[in-house]
Amino acid sequence: MEFNGRTPTESTDYPTSKWALIPKALLVGIPAAIISLFVAATPPGLWEKARVMGYALCHQLPDRSFFIHEHQTPLCARCTGMYLGFLVGLVFLIVRRRTHSARMPTAAIISVLIGFMTIMGIDGVNSTISIIPGAPQLYHTTNVHRIVTGTLFGLAMCMLFFPVFSTAIWQQPSGDRTIKHWRELGVMVLAALAVDAVVLTQADWLFYPITILSIFGPLLLLGFMGAIIVMTTRNLVNTLDRWRQLALPLFAGVALGLVLITLMGLLRVTVTTAG
């Protein structure tokens, strides 16, 4: 079986780039300094740090967010659903041992996943229209609509992203599909909706789980994307065999994610202040 035009047994020789010559100590030290600076510069407490991250990534409108233990969640209902869906999909891949999967689902399942993403887009536009006085709406959008459509989007994003990730990272990616049949898709959707139902209770005990989700979800997704960038700049694509080998690129990717979050937060402050 071939991946990326070569067999798994073939070695890959990449030309040395200037990025590949950076000492590994700097690849640890610079991200560590960035993460430490972010932790020190943001308000103390997990909830406050989650609020800072949410400020950069989400509109945080009160009427479109949940309130848990008398605190507004760091992410709105839709964004909360997106990261919940992504994590449910990731747990599914871990349980089914498909974190190396490099094949997309079948065309029929892909069409449903794209449908999930389209549904969230439609609901998002319909929800945004409500801000305009007198504008016609297809229906009244609630936080139930927002978290459910966001969760479906997150599931679809996970199942479509991981084949790309596996192809870019692993030396011998698996030929398995992320979703093999309709039953697996149904199980994932039901599991995700069950998680949504728990969040919709807005019970006080959800305070810390939602806080951790609001930090861990965005950082994990940005870390995966950043890891691909780091490995590409160092000519290390298709060189890893195990997850533990991804620790350093993922660490650097998280740092890149925090830089992006900081820049987006500063941009929002600038735009808001100027307005």
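The values are calculated or read from the model by the stated rules, or taken from the named source; none is laboratory data. Everything quoted here is computed from the prediction, not taken from an experiment. All Cβ positions, even for glycine, are placed from backbone atoms using ideal geometry, and neighbour counts span all protein chains on display.
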Looking for something under 19 Å from residue 162 (Cα atoms), touching a helix residue (DSSP H, G or I) at 6+ places or on another chain (Cβ under 9 Å) and modelled with pLDDT of 90 or more - is there at least one such residue anywhere in segment 262-275? no
From the set of residues in segment 129-181 that are polar (S, T, N, Q) and under 14 Å from residue 86 (Cα atoms), which is nearest to the chain's Cα centre (by Cα)? 151
Would you mind stating whether residue 102 is closer than 24 Å to residue 188 by Cα and of a type outside the set (Ser, Thr, Tyr)? yes
Go through (1) in contact (Cβ under 8 Å) with a residue 60 or more places away in the chain; (2) of a type outside the set (A, V, I, L, M); (3) in contact with a helix residue (DSSP H, G or I) (Cβ under 9 Å, 6 or more places away or on another chain) and name the single condition residue 175 misses. (3)
Checked segment 196-226 for anything within 21 Å of residue 142 (Cβ to Cβ), surrounded by fewer than 17 Cβ atoms within 10 Å (Cβ to Cβ) and in contact (Cβ under 8 Å) with a residue 12 or more places away in the chain; matches are 200, 202, 203
Mind listing whichever residues of segment 92-112 are free of Cβ contacts under 8 Å to residues at least 60 places away in the same chain and surrounded by 14 or more Cβ atoms within 10 Å (Cβ to Cβ)? 110
Return only the number of the condition from (1) more than 20 Å from the chain's Cα centre (by Cα); (2) at pLDDT below 95 that residue 109 does not satisfy. (2)
Out of segment 68-106, which residues are over 19 Å from the mean Cα position of the chain (by Cα) and closer than 30 Å to residue 205 by Cβ? 68, 69, 70, 71, 72, 96
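For the structure I just gave you, tell me whether residue 136 is under 27 Å from residue 229 (Cβ atoms) and of a type outside the set (A, V, I, L, M).
Working: under 27 Å from residue 229 (Cβ atoms): no; of a type outside the set (A, V, I, L, M): yes.
It is false that residue 136 is under 27 Å from residue 229 (Cβ atoms) and of a type outside the set (A, V, I, L, M).
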So which pairs qualify, if the first residue must be in segment 128-156 and surrounded by 10 or more Cβ atoms within 10 Å (Cβ to Cβ) and among the charged types (D, E, K, R), the second must be at pLDDT 85 or above and part of a helix (DSSP H, G or I), the Cβ gap must be under 8 Å, and the two must be at least 6 apart or on different chains? 146/64; 146/77; 146/78; 146/81; 146/123; 146/127
Just one of (1) of a type outside the set (Lys, Arg); (2) loosely packed, with under 14 Cβ neighbours inside 10 Å; (3) out of contact with any Phe, Trp or Tyr (no Cβ under 9 Å at 6 or more places or on another chain); (4) without any contact (Cβ under 8 Å) to a residue 24 or more places away in the chain trips up residue 67, so point out which. (4)
Scan 114, 119, 131 and give me the residue that is within 28 Å of residue 260 (Cβ to Cβ) and assigned to a loop (DSSP other than H, G, I, E, B). 131
Checked against (1) surrounded by 15 or more Cβ atoms within 10 Å (Cβ to Cβ); (2) out of contact with any strand residue (DSSP E or B) (no Cβ under 6 Å at 6 or more places or on another chain); (3) among the β-branched types (Val, Ile, Thr); (4) touching a residue at least 40 places away in the same chain (Cβ under 8 Å), residue 189 satisfies every condition except (4)
